[in-house]
Amino acid sequence: MPLQDPRPTVDDSTGEHQAIADRDPPRVGIKFGALTDTGKFRGNNEDQFLVARLSKSMQVCKTSLPGEGKTQFSEEEGYLIVVADGMGGAAAGERASALAVGSVESFVLNTFKWFFHLSGHDEHELLAELRQSLERADQTVIERARSDPALEGMGTTLTMAYSVATDLYIVHAGDSRAYLFREGELEQLTSDHTLVQTLIDGGAISPEEAKRHKRRNVVTNVIGGPSEGVFVEIHKLAVLDGDTLLFCTDGLTEPVSDDAIAEVLEHHPDPEDACTRLVDLALRRGGPDNVTAVVARYQVDK
């Protein structure tokens, strides 16, 4: 379920926060793959993706000890994954997704606090900043569209993951998706912010009817778009050794079923190979849209 209330639930007076902060986190290694393709019917690619490693660093400028000029890095690392699918006339969708990803990248680099030891209070701040990163991207896209009539109404989906140790936070708006593949089972982590999903949730149509609905591509919540303001869906989970995460645009999920996606992830453990197979499968099944897949496979050493 999405995290609707990020308030801390641990009592500071118990000292449990300090225990959490002092506990050595498990070492986590992640192998990535990422691929995007224009598809068979689009003239340009409005999808964007970003995979980044975050680390603390110290550059020694002057010292009486050996090592002047060297840069040292902390042992702990965080990871950032972003997938966006733009929409709008002409090249506006491509501009919207690029602006949104660039805004998130800038926010994380210059504003975001990289909490590598999370206590309850730290997590409260972290969740607020994750939400703010999408709100900032929304403002960036809206303001750019207002300055150029050719870009009016442009928008983009955006699905972002922030990973530190075994903690994974997913921040989401739109109908791109995040999946967890664990022990042979594929689970969709994000909700589709679409008209047909609203109809499904209300019991008006079935999931099978949604696949054929003439307005199945209407997205109801985006970064940018015709009006300012975005609903930010947030999830948190703990990753396990062997978990695989997939982040993708609807250019994959429209022509390729969840069962087919799970089969690829099961039989192709290398993330780069899995991305190639998934994109190729979408193209073989018509390639009706731009298609993007990012796969992350976790190795957790306790």
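The values are calculated or read from the model by the stated rules, or taken from the named source; none is laboratory data. Here the structure is a predicted model, which is why all the values come from computation and not from measurement. Counting neighbours? That spans all protein chains shown, and the Cβs are built from the backbone with ideal geometry, glycine included. With ligands, DNA and RNA removed, areas are computed over all heavy atoms of the protein, side chains included. Shrake-Rupley method; radii C 1.70, N 1.55, O 1.52, S 1.80 Å.
Worth a mention:
- Separation between Cα centres of the stretch 260-302 and the stretch 186-242, rounded to whole Å: 21 Å
- Surface accessible to a 1.4 Å probe, per residue, for the residues of the chain, Å²: 50 Å²
- For the chain, the carbon plus sulfur part of the accessible surface works out to 48%, probe radius 1.4 Å.
- Cβ-placed point charges (K, R +1; D, E -1), dipole of the chain about Cα centre in debye, nearest 20: 780 debye
- For residue 54, the residues whose modelled amide H falls within less than 5 Å of its own, excluding neighbours fewer than 5 places apart on the same chain, are 78, 79, 80.
- Amide H partners (placed H, <5 Å) of residue 220, local residues excluded: 194, 195
- Theoretical ellipticity at 222 nm over the chain - DSSP helices of four or more residues, -39500 (n - 2.57) apiece, nearest 500: -9500 deg cm²/dmol
- Taking the inverse of the mean 1/r over every pair of distinct Cα atoms in the chain gives a Kirkwood hydrodynamic radius of 20.4 Å.
- Contact order for the stretch 37-99, expressed relative to its length and based on alpha carbon pairs under 8 Å spaced 6+ residues apart, stands at 38 percent.
- Calculated FRET value between residue 285 and residue 195, using beta carbons and R₀ = 25 Å, to 0.05: 0.60
- Most positive-pole-ward Cα, 195, 296, 155, against dipole of the chain from beta carbon charges: 155
- The angle between the Cα long axis of helix 271-284 and the longest principal axis of the Cα atoms of the chain comes to about 10 degrees, rounded to the nearest 10.
- Long-range amide H partners of residue 243 with built H, under 5 Å: 298
- Cα-based radius of gyration for the stretch 180-238, normalised by 2.2 N^0.38 Å, reads 1.36.
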